[in-house]
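Trainee: Shown below is the structure under consideration.
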Amino acid sequence: MTALHLSADEVLTTTRTVRKRLDFSRPVEPEVIRECLEIALQAPSGSNRQQWQFVFVTDPEKRKAIADYYRRGYYEYRDGPTAAGKLFADQPGRSQVQKRVMTSVDYLAEHMQDAPVLFIPCFYGRPDGEPASNQASPWGSIIPATWSFMLAARERGLGTAWTTLHLDYEKEVAEIIGIPYEQVTQVALIPVAYTIGTDFKPAPRESLDNVLHWNKW
């Protein structure tokens, strides 16, 4: 593993969702995962409770079983109205971008089990149905830590993709890897692999003025 020596701004603006450029043929060393997670553990945590847990799956049979549930969730998503390729159909330029995103999502769904590492961040508790004020703390703690892991991975030449479609089958996935479903909430399913090339660029985004508000909406 060789660090890319990116600046903080470069890491923040070039950590992309990587699907087609994940190198499934190259193993990811456990010590690199540990380095990234040591950095992730420095993320802020509500009341400093650190109620997070991080599961990394490298066993091929378990990866395949988890990927099968991911695909089931993906097929339901693909056929629904909110699939990436169906968005912004009335905006020709943006519609083409969305269609390219969809082909990328198709590819990842087909190859999820081929990622050498599947990463499932979790937190203690099940806030389902709780008011937003009660949900904000656990979600607001696990997401920064997980994103910190993904940023650290980028600096080390690794690619990641935040996915959630397996959560329709969260209980079944919990059984595969022994997560106590009643006590622990899964947050995402993130493939981790070295990337094919490291030359990722900032992505096109909406104009800042379209999303910025000062003092009022």
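Trainee: Here are some conditions: (1) among the hydroxyl-bearing types (Ser, Thr, Tyr); (2) under 29 Å from Ala136 (Cβ atoms); (3) modelled with pLDDT of 95 or more. Tyr74 meets all but one. Which one does it not meet?
Mentor: Looking at each condition in turn, Tyr74 falls short on (3).
Residue-wise test of (1) open to solvent by 90 Å² or more (accessible area, probe 1.4 Å); (2) more than 17 Å from Thr146 (Cα to Cα).
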site: Thr15; (1), (2): no, no
site: Asp23; (1), (2): no, yes
site: Leu37; (1), (2): no, no
site: Pro60; (1), (2): no, yes
site: Arg72; (1), (2): yes, yes
site: Tyr77; (1), (2): no, yes
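Trainee: Counting just the residues of the stretch 154-177 that are open to solvent by less than 40 Å² (accessible area, probe 1.4 Å) and among the polar types (S, T, N, Q), which one comes out nearest to Arg78 (Cα to Cα)?
Mentor: Per the criteria, the residue is Thr163.
Trainee: Would the stretch 197-215 turn up any residue that is surrounded by 15 or more Cβ atoms within 10 Å (Cβ to Cβ) and either closer than 20 Å to Phe56 by Cβ or over 18 Å from the mean Cα position of the chain (by Cα) (or both)?
Mentor: Checked against the condition, which is being surrounded by 15 or more Cβ atoms within 10 Å (Cβ to Cβ) and either closer than 20 Å to Phe56 by Cβ or over 18 Å from the mean Cα position of the chain (by Cα) (or both), the stretch 197-215 yields at least one hit.
Trainee: May I ask you to list pairs of residues, at least six apart or on different chains, whose Cβ atoms are under 7 Å apart, with the first in the stretch 5-25 being closer than 15 Å to Ala152 by Cβ and the second being part of a strand (DSSP E or B)?
Mentor: From the stretch 5-25, the pairs are Val18/Gly159; Val18/Thr160; Val18/Thr195.
Trainee: Now, a different point. Go through the stretch 39-58 and report how many residues are aliphatic (A, V, I, L, M) and over 15 Å from Ser148 (Cα atoms).
Mentor: Residues in the stretch 39-58 being aliphatic (A, V, I, L, M) and over 15 Å from Ser148 (Cα atoms): 2 in total.
Trainee: Would you check if Arg63 is modelled with pLDDT of 95 or more, assigned to a helix (DSSP H, G or I) and charged (D, E, K, R)?
Mentor: Judged against the criteria, Arg63 is a match.
Trainee: Please verify whether Ala145 is surrounded by 17 or more Cβ atoms within 10 Å (Cβ to Cβ), of a type in the set (A, V, I, L, M) and out of contact with any helix residue (DSSP H, G or I) (no Cβ under 7 Å at 6 or more places or on another chain), treating the condition exactly as stated.
Mentor: The answer is no for Ala145.
Trainee: Pick from the stretch 179-196 the residues that are in contact with a strand residue (DSSP E or B) (Cβ under 9 Å, 6 or more places away or on another chain) and open to solvent by 30 Å² or more (accessible area, probe 1.4 Å): which of them is nearest to Leu6 (Cα to Cα)?
Mentor: Here the answer is Ile196.
Trainee: Six or more apart or on different chains, Cβ under 8 Å: which pairs go from a residue in the stretch 29-58 that's more than 17 Å from Thr185 (Cβ to Cβ) and part of a loop (DSSP other than H, G, I, E, B) to one that's open to solvent by 70 Å² or more (accessible area, probe 1.4 Å) and at pLDDT below 95? Could you list them?
Mentor: Pairs found: Glu29/Met1; Leu41/Gln50.
The values are calculated or read from the model by the stated rules, or taken from the named source; none is laboratory data. Everything quoted here is computed from the prediction, not taken from an experiment. All Cβ positions, even for glycine, are placed from backbone atoms using ideal geometry, and neighbour counts span all protein chains on display. For the accessible areas, the whole protein counts, side chains as well, though only heavy atoms, and no ligand, DNA or RNA atoms are used. Shrake-Rupley method; radii C 1.70, N 1.55, O 1.52, S 1.80 Å.
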